[in-house]
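Read through the structure below, which is laid out as structure tokens, and then see the notes.
The values are calculated or read from the model by the stated rules, or taken from the named source; none is laboratory data. Every value quoted in this text rests on a predicted model; they were computed, and no experiment measured them. Quick reminder, even Gly has a Cβ in these numbers, built from the backbone with ideal geometry, and neighbours come from all protein chains shown.
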Amino acid sequence: MNEKDLSLYNRDISWLKFNARVLQEAEDPDVPLIERIRFLGIHSNNMDEFFRVRYSFVRRLQLSTVKNHEDNLEGHSPGKLLKQLSKLVNEQQQLSQKIYEHLRGELAKESIEIISEQELTQKQAQFVRDVYRNQVSPALTNLMLSQAPEFPYLRDKGIYLAVRLMKGNSEQFSIIEVPSGAMNRFIALPKYGKQYIMYLDDVLRYNLSSIFHIFNYDSIEAHTVKITRDAELTLDDDVSKSFMEKVQKGLLERREGDPVRFVYDRNISEVTLNLLVDGLGISEFDGLIAGGRYHNKKDLVRFPNVGGPSLEHKKLPIIPHPALDEDRSIISVLKKQDVLLFTPYHDFGKVIRLLREAAIDPKVRVLKVTLYRLASQSRIISALVNAAKNGKDVTVFIELQARFDEANNIKWTNMLRAEGIKVVSGVPGLKVHSKLTLIRRDEGKEKLVDYCVVGTGNYHEGTAKIYTDYHLLTSKKQITKEVRKVFTFIESPYKQYNYKHLLVSPNSTREGIFALIDREIAHARAGREAKFWVKINSVSDHEMIAKLYEASASGVSIRMIVRGINCIDFSNKALSGTIEAISIVDRFLEHTRAFCFHNNGQSEYYISSADWMTRNLNRRVEVTVPIYDDKIKRQLRDHFEILWKDNTKSRIFDANQSNAYRKLNGPKIRAQLDMHAYVKKQLLKG
């Protein structure tokens, strides 16, 4: 199918439709109150990333001298798409504010009130003064615009108070950065009948007289503003610089990225707003959004629960894996069987325990691992350092271009190298997104025996508690041998390998998946049952969607669970008639990637680090691994069936991606809770 004739749903609009599903969770009265507030924070954080990455990309296309970008934008022109995106963003912004005000009322019913600086009692006022003096004041940055040689740089992760001081016909302006980082945005005031919460912004507002005590003014006003900048990381072509130097330089240039969105308190004075817009260089192509009193609602993710446990999700206990226990060597288990860890239902700590076991095992000679995102206090790093200190040959592959984690990964790179560990900082032209561990052990034979972990998610202890992911632990030679080849390729990209079992981007993932789909097409055309299912995060690659359309036209039944972006056009039944797709948004982020192809009754199962996006297929090192263990195959089949039956948190992909909840007859099924029960049942079976 010619790409120009391909009917597609725009990826950026689909991305915003996913974020609308997050807002649905904030609206849902069946979701516990504090969790609803935190979903507002997730929505805001997602919107920040959308503007920093996708909106800025479309904006660059609009500003470029090269035209005819419709192929990149699923048939949309950049200018028209920017207008459509801005409309959707404004609608979501207004809805988010409406939900926020409603949730404030719901908090009041629980005797929890968010109050401003104008509502403080005398004792509360003294407490707020003490908080400012002891905690806030030492971290405060206050910029007087009349004194600054040029308009100050505003970083895109911060929020600011734009302050206007008026005396007669004269006025002065200041910008105060609201402290962030270790300091929580929400201050719990001493309980007085009710529990009171105050924004840090309002702590500053209450103390404006202290901040500006040297100025003589008649009146003062302060309004919150926020800027979002283009997050594109540009790497120069200077061959004399190391890859790390280029990334560090790119980070500095990102700091100066063009503004793409400016959100302001709709009550701000026109004179202050114009001063900021002119000073920041906001253009007609940037999002200029009138908001409420508070911005950076992403901080709501850390909203404190000062009420009872009923205001949060009931904790789901981590379920022990039936094959693993604390007193048994994991390597000894892997000699006999494969293990599939399914986080957060299982404990991600078992991966760390495997690394720690390898670090002290006298027979382990080599340890290799790929790292994309890491926790700020990473036990993975500690285990690797321990292994190196015990004389193991440790190689760590850290992706320096992991978006928004570049600085953190540079820090870990320097620390590991200081410990004498060999660090490979990515592959030029590619991102290493695969999730791999390889352990080589001397077991008295001529060759080392290999054990490996192949996963769908990052080695990040924090996200492992809220992202669903698979980690396959295996010693099967056909897999471990090819994982070893992947590590060799990353270290020496000029060496190319053929793979019989793994599908590896950028060389064989696309053609491997196409071959699996083509086989189902052949079965359908021969009159045999033909079907496959896919669990994935995003589907946007145009060639992949053309292949799905071809399968649909051939009568192949396709079921898809797609969490986020989906560019399939469900309005065109001639193309997508046999494709059914849903999205599930609930307490855990659905992050597993898995596929099953029926193959005329000889079903084949895979898990993968790759989404079906062009970047994953063409520009990243990704690994898709087949599952050969029959027990794990059954588990993957059951996992998909549980998710597919969800009629509580699943939304259908229809022609307009309207996020209509899926309606199925029968009892209410909430897949993530049923999944926990299923995994627990597997433990009891042993």
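Against the list (1) among the β-branched types (Val, Ile, Thr); (2) assigned to a helix (DSSP H, G or I); (3) under 23 Å from Val423 (Cα atoms), the condition Ile479 fails is (3). What about Ala671, is it of a type in the set (Gly, Ala, Ser) and loosely packed, with under 15 Cβ neighbours inside 10 Å? Considered against the rule, which asks whether it is of a type in the set (Gly, Ala, Ser) and loosely packed, with under 15 Cβ neighbours inside 10 Å, Ala671 comes out as no.
Yes/no matrix, rows are residues, columns are (1) touching a residue at least 60 places away in the same chain (Cβ under 8 Å); (2) hydrophobic (A, V, I, L, M, F, W, C):
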{"position": "Glu529", "(1), (2)": "yes, no"}
{"position": "Leu548", "(1), (2)": "no, yes"}
{"position": "Ser557", "(1), (2)": "no, no"}
{"position": "Arg587", "(1), (2)": "yes, no"}
{"position": "Trp612", "(1), (2)": "yes, yes"}
{"position": "Pro626", "(1), (2)": "yes, no"}
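Considering Val432, Val453, the condition of being farther than 30 Å from His676 by Cα and surrounded by 20 or more Cβ atoms within 10 Å (Cβ to Cβ) is satisfied by Val432 alone. Just checking, does region 436-454 include any residue being under 21 Å from the mean Cα position of the chain (by Cα), over 11 Å from Val369 (Cβ atoms) and not in a loop (DSSP other than H, G, I, E, B)? Within region 436-454 (the criterion being under 21 Å from the mean Cα position of the chain (by Cα), over 11 Å from Val369 (Cβ atoms) and not in a loop (DSSP other than H, G, I, E, B)), the answer is yes, since at least one residue qualifies.
Here's the yes/no breakdown for (1) among the polar types (S, T, N, Q); (2) part of a helix (DSSP H, G or I):
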| residue | (1), (2) |
| --- | --- |
| Asn600 | yes, yes |
| Tyr605 | no, no |
| Ala610 | no, no |
| Leu617 | no, yes |
| Val623 | no, no |
| Lys633 | no, yes |
| Arg637 | no, yes |
| Glu641 | no, yes |
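Of Val339, Val366, all but one fail to be modelled with pLDDT of 95 or more and either surrounded by fewer than 16 Cβ atoms within 10 Å (Cβ to Cβ) or out of contact with any helix residue (DSSP H, G or I) (no Cβ under 8 Å at 6 or more places or on another chain) (or both); the exception is Val366. Looking only at residues in region 439-449 that are surrounded by fewer than 21 Cβ atoms within 10 Å (Cβ to Cβ) and either touching a helix residue (DSSP H, G or I) at 6+ places or on another chain (Cβ under 6 Å) or of a type outside the set (D, E, K, R) (or both), the one that is modelled with the lowest pLDDT is Gly444.
Quick grid of which residues meet (1) among the acidic types (Asp, Glu); (2) in contact (Cβ under 8 Å) with a residue 24 or more places away in the chain; (3) within 27 Å of Ile42 (Cβ to Cβ):
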| site | (1), (2), (3) |
| --- | --- |
| Gly601 | no, yes, no |
| Ile607 | no, yes, yes |
| Val621 | no, yes, no |
| Lys649 | no, yes, yes |
| Asp654 | yes, yes, yes |
| Lys681 | no, no, no |
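When the residues of region 105-147 are filtered to those that are surrounded by 13 or more Cβ atoms within 10 Å (Cβ to Cβ) and assigned to a loop (DSSP other than H, G, I, E, B), the one that is farthest from the chain's Cα centre (by Cα) is Thr121.
The requirement of being of a type in the set (S, T, N, Q), crowded, with 20+ Cβ neighbours inside 10 Å and in contact (Cβ under 8 Å) with a residue 40 or more places away in the chain is not satisfied by Ser552. Kindly check whether there is at least one residue in region 162-177 that is part of a helix (DSSP H, G or I), touching a strand residue (DSSP E or B) at 6+ places or on another chain (Cβ under 9 Å) and surrounded by fewer than 15 Cβ atoms within 10 Å (Cβ to Cβ). There is no residue in region 162-177 that is part of a helix (DSSP H, G or I), touching a strand residue (DSSP E or B) at 6+ places or on another chain (Cβ under 9 Å) and surrounded by fewer than 15 Cβ atoms within 10 Å (Cβ to Cβ).
The single condition among (1) in contact with a helix residue (DSSP H, G or I) (Cβ under 7 Å, 6 or more places away or on another chain); (2) crowded, with 21+ Cβ neighbours inside 10 Å; (3) not aliphatic (A, V, I, L, M) that Tyr372 does not meet is (1).
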